[in-house]
Amino acid sequence: KKEFIYSDILKEDREIWIYTPSSFTKGTQNKYPVMYLLDGPAFFHSMTGMVQYLSSTGKMPEMIVVGIANTNRVRDLTPTHSISWSDGEKDTATLGSSGGGEKFIAFIEHELLPYMDSVYTTTPYRMLVGHSLGGLTVLHSLLNHTSLFTSYVAIDPSVWWDNHMIMK
């Protein structure tokens, strides 16, 4: 289902897509680990399909999946400000708002995680998953916010961002 929460940190409504396992019911005593999926709508159905299949075959536990929708993908998923792609081509229109990754992570840490923990029955196990710029955000979180998540999955991360700054 889709939900909206207002972020005081980002000063905007944020859309989240939430998948709950078939065993989940309101008021349940069952507790579930949570996967936080960046670029949520783009990968939500494929990721929830994998979670559903793997949990039904006993290869992973049932879990809640939270897909985080973007309002400004470049702003939210880049840890530094840059106005050029890796080939040096300038793109101030697209990249001018880059570098908001820390505020986005603060939104996740201080608003989204507490919201999920208060509304849903969750375990302390949290997974962050992202692809491309989302993968860059995962790596940035792993290096700079090591205790925020239990596991980190970076799929084809954009390590080229800002002259490979994540590698430095």
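The values are calculated or read from the model by the stated rules, or taken from the named source; none is laboratory data. In this text the structure is predicted, and so the values were computed from the model without any measurement. Cβ atoms come from the backbone with ideal geometry, glycine included; neighbour counts cover every protein chain shown. Remember, those area values only see protein heavy atoms, side chains included, never the ligands or the DNA or RNA. Shrake-Rupley method; radii C 1.70, N 1.55, O 1.52, S 1.80 Å.
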Of those in the range 27-48 that are among the small types (Gly, Ala, Ser) and within 30 Å of GLU102 (Cα to Cα), the residue surrounded by the fewest Cβ atoms within 10 Å (Cβ to Cβ) is SER46
List every residue pair whose Cβ atoms lie under 6 Å apart, where the two residues are 6 or more positions apart in sequence or sit on different chains, the first residue falls within the range 27-38 and is aromatic (Phe, Trp, Tyr) and modelled with pLDDT under 95, and the second residue, located anywhere, is part of a loop (DSSP other than H, G, I, E, B) and open to solvent by 10 Å² or more (accessible area, probe 1.4 Å).
none
I'm trying to understand the selection: among the residues of the range 8-21, which are farther than 16 Å from SER118 by Cα and open to solvent by less than 20 Å² (accessible area, probe 1.4 Å)?
ARG14, PRO21
Where the second residue is surrounded by 13 or more Cβ atoms within 10 Å (Cβ to Cβ) and the first is without any contact (Cβ under 8 Å) to a residue 24 or more places away in the chain and lies in the range 139-156, which pairs have Cβ atoms under 7 Å and are six or more apart or on separate chains?
LEU142/TYR152
Are there helices (runs of 4 or more DSSP H) fully within the range 91-168 with at least 1 residues that are in contact with a strand residue (DSSP E or B) (Cβ under 8 Å, 6 or more places away or on another chain) and farther than 21 Å from VAL51 by Cα? List them.
92-95, 101-107, 113-119, 133-144
Checking PHE24 against (1) open to solvent by 60 Å² or more (accessible area, probe 1.4 Å); (2) in a loop (DSSP other than H, G, I, E, B); (3) of a type in the set (Phe, Trp, Tyr), which test does it fail?
(1)
Is it the case that the range 52-72 has a residue that's at pLDDT 90 or above, of a type in the set (D, E, K, R) and surrounded by fewer than 13 Cβ atoms within 10 Å (Cβ to Cβ)?
yes
